[in-house]
Structures are given as C-alpha cells and as structure tokens.
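One structure below.
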Amino acid sequence: MRVLVFNAGSSSLKFGLFDGDRQILKGSFDRFREGGCDVAIDGHRGRAPHGDLAAAIAAVPGVLAERGHAAIDAVGHRFAHGGPDFTGPALIDETVIAAIEAQTPLAPLHNPAMLQAMHLARSLWPDLPQVAVFDTSFHLTNPARATTYAVPAAWRAAGLRRYGFHGTSHKYVAHRAAEALGRPLTDLRIVSVHLGNGASACAVQFGASMDSSMGMTPLEGLVMGTRSGDVDPGAFGFLHRQLGLDISAIEAALYAESGLKALAGSSDMRDVEDRAASGDADAQLAINLYAYRARKYIGAYAAAMGGLDAVVFTGGIGENSASMRRRICDGMGFLGLMLDDDLNRAPDLTDLKAPQIQAQGSRVAVIVTETAEQLMIARELRELLARPRPLPRAIPVAVSGRHVHLTADAVAALFGPGYRLTEAAPLRQPGNWVAAERIALEGPKGRLERVAILGPLRPRVQIEVSRTDSFALGLDAPVRDSGQLDGTPRVRLIGPAGVLDSDGLIVAARHIHTNPADAAAMGLADGDMVDVEVQGGGSRGLVFGRTLVRVSPQVVTEMHIDTDEANAAGIAGGAEGALVQDVHARPVA
Ligand code: ADP
C-alpha cells in the first residue's frame, strides 16, 4: 500500500511517500513568502514558485507524477491536537472533520494549517481514504493525576487540562528503543526525550504514555527553540502590571520570542553551541539551562514510573548534539545511568538505526534514534484501514412472529375464489404488509390459531414458524433461508372457506436485510455471514452467530429474528444489533 503523508504548518509543508515501511519520496516546501518558497525533494534543494500552503499542496501530485509515483492508495495527515476523544487515528469524514474543527481553540497555531491541507488533499484525491493522526492521542492514557491542573473547577469544566504533544514521535521512538533492546515494550520504563525546535519528554511506562512535559498547549515543559517551557503562572500578572503587556502579547512572546532565541539570540542549537564554544556567556547559560531542565524531567519521570530502564534521545538536537546528550546525562549515575563518551560521539543513525550509547555496567540503556513521525503515521493509517470498519449505525432488530406467505391459489382455497386480502398495516420493508385476515395451522400434534398472513402474494407458499411452534405442531421444520423450500414438511392451512395442505414449513434462518449503500458503509456484501450482538432487556444480551446478509435495492436495513431467538436474548419491544468486529464478514463457506 502506498501512503502519502502530510505534515502541514503555517510556513511549511512536509510530505513523504511510503510503500509499506519503505520511504520512497521525501519532500518539503518551506519559508513561504511573496513569490515563492524553498523546496527540497529527496535531498535536492531549490526554489519553487509557491507562495503559500495551498499552492504547495497543489504542486504535490506533479512532484509525484514526475517521479513515477502518481498511483497512491491513501493519504495520512498529522494533526497537532485531537482533544480528549481521538484516542487513535481516525478515517476522515464529515463527522471527524467537525470534531477536529471543534478542537481548533486548543491548537490555534497548528490545527488550522493542518485542516487546510486536509481539505485540499481531499479535493485532489477525492476517492482515496484519508486518515488523521493526532499528536495528542498517545498521551490519552495519562492518569488524571498527570493531566489535571489544580485550578478552579469551572476552568477544568471549560476544558483546561494537560494533553501532551509529540505523541507520534514518542510512540515511535519508544517502540524503536524496545526493538533495539530486544525486549517487549510492555516490560520497560522509558523516558523519551524529543529535542527539536519544539521539545518534550515523555514517560512511557510499560508501553503507555503516563506523563509528558507539554501540557494544555505545546508551551509547557522543556526549553525550546523559541518557546519558554515552564514559567511560573504568577509571571503573567507581574508582566501585565509591570510592563503593561496584554495576554496576546505575552502569549505571542512565550511561543515565538522565548527559549534559546531569548536566552542566546538564536533558536538554532548549532549557533548556540558555536557561540558558547567561543565564550559567549549567554549561550553557555542557555545550554546549561536547556540540559538542566531536560535532566530534571528525566529524574522526575524515573520517580513517577518507579524506575527507569532506558532513555531515548531524538529530534534534531537529540539526534545530533553529542554534547547536549552528555550534559543531560551528567550526574545521573545515582539512577544507574552512565554514558559511554565514545559511543555517544557519533552514533550511526542511518536507516533508522537505534544504537545504544550507555557505558558498560550502566543499569539504564541510553539510545539515540532518528524520529520517524511520517513513517509512524503511515503505519497507523495502514493498521486503521486494515481493521474492520466500525458499524456506522446500529442495526434495528425486528422480531418475526409466526406467519405465512400465500400464493393466489392458496388465497382462493382458504378464502374462496376471487377473494382479495385486506392490507391492514404496512411493514417496514417498502411494499410489504400484514393482512387483516388470519388462518390456523394444523399438524399431527396440535394447532396454531390466528397465524398472520404477509403480503404481497408469492409464487410459492412459505410458512415460517419458530422451533417451539414446530414442536407444538408435531412437525420437524428445518432452518432455512427464505425461498429454500424443497423437501420441507407439509402442514395444513385452515381458512374460513377451506383447507389447504402445503409444504413450505420452515424455521426462518436469521438474516439482515440491507441495501447497497448501507452494506458498503458496513463493509458487508450479499451472502456474508456475520455475528451480531444484540442487547436485550434484563441483561439478557446475545451474540447471534452466522447471520446471513441479504443485500437488495430499496430495502431498509433490519435484522430479522424469530420469537424463540428474541426470547432467548430478552428482547421485548425494539432492539438494536451491532456487528461483532473480529468475526466480521466471513464469506459463506
Ligand atoms: P523540528 O522540531 O522543527 O522538526 P528538528 O527536529 O529538525 O526540528 O530540530 C531542529 C533543531 O536541531 C535545531 O535547533 C537545530 O539547530 C538542531 N540541530 C540539528 N543538527 C544539529 C547538530 N549537528 N548539532 C546541534 N544541534 C543540531
């Protein structure tokens, strides 16, 4: 499967094309400005005429076609904020779009560009499945003690809580670290340290994120390129009173004028390291503070998880700055963490390698690896699309009491020549009705009175009873699909004007009537056998196995069961069924 992944920002568009886990194209457009932008495709840099995100996205199909990659199967989109509900990737449809739009106040700087990219991609590839993957999802396993701010209840009710970001990266590198260590992720307590332009640390305890340094927004936590990380919230009142700054000015400065940029005059760690090396005291403080904050979080997370098995460094700084890794790890011998300077100096990160750089005897492993968020998005997309589709709506369950379908000849025999049945009430399936008239059924053991007649008339008499009814009649009615009547027992039909002995006595096999549109939405085809869970009253639910799917135009989606089945499931009035996911849509043997 070929998956195109987009990571859109307000001033850049990164994209990657993956065939399985293999990246076959890597591109970026950035520094959008009047009349053009910078472009890099598979490492070749140049200038492009696209002045904004929309123009850049519109150029992507051309880039793919030029390189012979026009055929793609799906599109993945990175989203910064998914709020509290997106615990994993989501197949994009109108409902998902509305839910993402509703989260925009939580990520006003990030989600809008990502939404714009998603809308443009949907218009460019309207027929392809598109999937949203959220930076926040991985952290939704964090316990309340990690996500709650100790603030007034009304603020929390308005949505103020910690989320955490970089989740795709933390999840990927934690998995990669476990792989490199040859141990199950579920056995490990890992601190993942992502140090790029944005930076965060994450406590991954036995495979799940349990805390991370970014909070409600990507401002909290570590020192970043232009973001402050942790600041005393008391500072805001002080800044307002002393400097007359309003909220938006403070917020803008914390996002864009703080961090390394504020401390050392550059947001780029390479510059800061160079200046520090040439004796610049501001740059030296910036580096010390940067490392100290990261070390503090690692120590805190070791305490939070009750131990530490591995620290993983990633992101531009985490991957490339040996001296920053050294500074962060200094003084952590008390935790059993010791770095090997030779291994730390130039670890080989090509081809997504994840080398270990701890010293012999270090109880804690230290791993460096390149983050691969786009690869992780492509993987999550593939896993999502491979999963059976969730049922878009519940299936109404209708309980069929005993009834007969008659031919014109049978009506004449039972009610007299030329008799026309009276349509008493329509059934849910268009064109079907129940007649006002009733008949009786008689077998060797007994009689069933007031049996319903369903219209319209059919070419063959069919008598549908429950298993219990068939015992009352003293006949052995087989379980059959409608119309499969050969070899079925004969039973006597008794009308006001005469009797008729006819075969066609069956116990109707349970089935789902559905139309092509609903069937497609449920991922079902005519003839599929599915298992359906039905919740009855009095906690008497049941899973009905081997339920036949019958697709035909015009019908209303509805599952039909008989009275024995309804009683067994505790269904009195209406009920709804849900497809059981893992045994979904097996072809008929
Ligand atoms: P983003 O978060 O935007 O994806 P990156 O992960 O690419 O950013 O990280 C960018 C940061 O990595 C910059 O501060 C850059 O200076 C730093 N960086 C890249 N290479 C090196 C290096 N060799 N030494 C130190 N810092 C580096």
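The values are calculated or read from the model by the stated rules, or taken from the named source; none is laboratory data. Fair warning: this is a prediction, and the values are worked out from it, not measured in the lab. Neighbour counts run over all protein chains shown; Cβ positions are idealised from the backbone, glycine included.
Descriptive notes on the structure:
- Out of Leu308, Leu339, Leu335, sole residue that is more than 24 Å from Ser209 (Cα to Cα) and at pLDDT 95 or above: Leu339
- Only one of the listed residues (Leu385, Leu352, Leu335, Leu381) is buried (at least 22 other Cβ atoms within 10 Å of the Cβ) and away from the ligand (no atom under 14 Å from the Cβ). That residue is Leu381.
- Flag for Asp211 being more than 16 Å from the ligand (Cβ to nearest atom), in contact (Cβ under 8 Å) with a residue 60 or more places away in the chain and not in a loop (DSSP other than H, G, I, E, B): yes
- When Ser123 is tested against (1) crowded, with 18+ Cβ neighbours inside 10 Å; (2) assigned to a helix (DSSP H, G or I), exactly one condition is not met: (1).
- Checking Thr87 against (1) more than 18 Å from Ile24 (Cβ to Cβ); (2) at pLDDT 90 or above; (3) surrounded by fewer than 20 Cβ atoms within 10 Å (Cβ to Cβ); (4) out of contact with any strand residue (DSSP E or B) (no Cβ under 6 Å at 6 or more places or on another chain), the condition it does not meet: (2)
- Annotation note: of Asp93, Asp73, Asp52, the sole residue that is surrounded by 15 or more Cβ atoms within 10 Å (Cβ to Cβ), out of contact with any helix residue (DSSP H, G or I) (no Cβ under 7 Å at 6 or more places or on another chain), among the acidic types (Asp, Glu) and more than 26 Å from Leu352 (Cβ to Cβ) is Asp52.
- Test: residue in the range 537-544 that is in contact with a strand residue (DSSP E or B) (Cβ under 7 Å, 6 or more places away or on another chain) and surrounded by 21 or more Cβ atoms within 10 Å (Cβ to Cβ): no
- Residues that are more than 16 Å from Asp19 (Cα to Cα) and part of a loop (DSSP other than H, G, I, E, B), drawn from the range 39-66: Gly43, Pro49, His50, Gly51, Asp52
- Qualifying residue in the range 217-229 (condition: assigned to a helix (DSSP H, G or I) and more than 15 Å from the ligand (Cβ to nearest atom)): no
- Residue check for Asp564: of a type in the set (Asp, Glu), in a loop (DSSP other than H, G, I, E, B) and at negative phi: no
- For the range 283-319, the set of residues classified as loosely packed, with under 15 Cβ neighbours inside 10 Å and within 16 Å of the ligand (Cβ to nearest atom) consists of Asn288 only.
- Top-ranked residue of the range 244-267 - restricted to ones that are assigned to a helix (DSSP H, G or I) and away from the ligand (no atom under 16 Å from the Cβ), ranked as surrounded by the fewest Cβ atoms within 10 Å (Cβ to Cβ): Ser248
- Cβ-Cβ under 7 Å pairs, at least 6 apart or on other chains, the range 67-80 side assigned to a loop (DSSP other than H, G, I, E, B), far side buried (at least 16 other Cβ atoms within 10 Å of the Cβ) and aromatic (Phe, Trp, Tyr): Ala80/Phe165
- Looking across the range 179-202, the residues that are over 20 Å from Gly82 (Cβ atoms) and crowded, with 22+ Cβ neighbours inside 10 Å come down to Ile190, Val191, Val193, Leu195, Ala199, Ala201.
- So Ala322, is it at pLDDT below 95, over 34 Å from the mean Cα position of the chain (by Cα) and within 16 Å of the ligand (Cβ to nearest atom): no
- The number of residues in the range 198-208 being more than 15 Å from the ligand (Cβ to nearest atom), of a type in the set (A, V, I, L, M) and either within 22 Å of the chain's Cα centre (by Cα) or under 17 Å from Ala291 (Cβ atoms) (or both) comes to 2.
- Contact annotation: residue pairs with Cβ atoms under 7 Å, 6 or more positions apart or on different chains, pairing a residue in the range 187-199 that is over 16 Å from Lys296 (Cβ atoms) and at pLDDT below 95 with a partner that is assigned to a loop (DSSP other than H, G, I, E, B) and near the ligand (Cβ under 7 Å from one of its atoms), are Asn197/Gly225; Asn197/Ser267.
- Condition met for Arg122 (of a type in the set (D, E, K, R) and more than 16 Å from the ligand (Cβ to nearest atom)): yes
- Checked against the criterion of being away from the ligand (no atom under 16 Å from the Cβ), basic (Lys, Arg) and over 37 Å from the mean Cα position of the chain (by Cα), the candidates Arg270, Arg241 yield just one match: Arg241.
- In the range 158-197, of all residues being among the aliphatic types (A, V, I, L, M) and in a loop (DSSP other than H, G, I, E, B), the one that is farthest from the ligand (Cβ to nearest atom) corresponds to Ala158.
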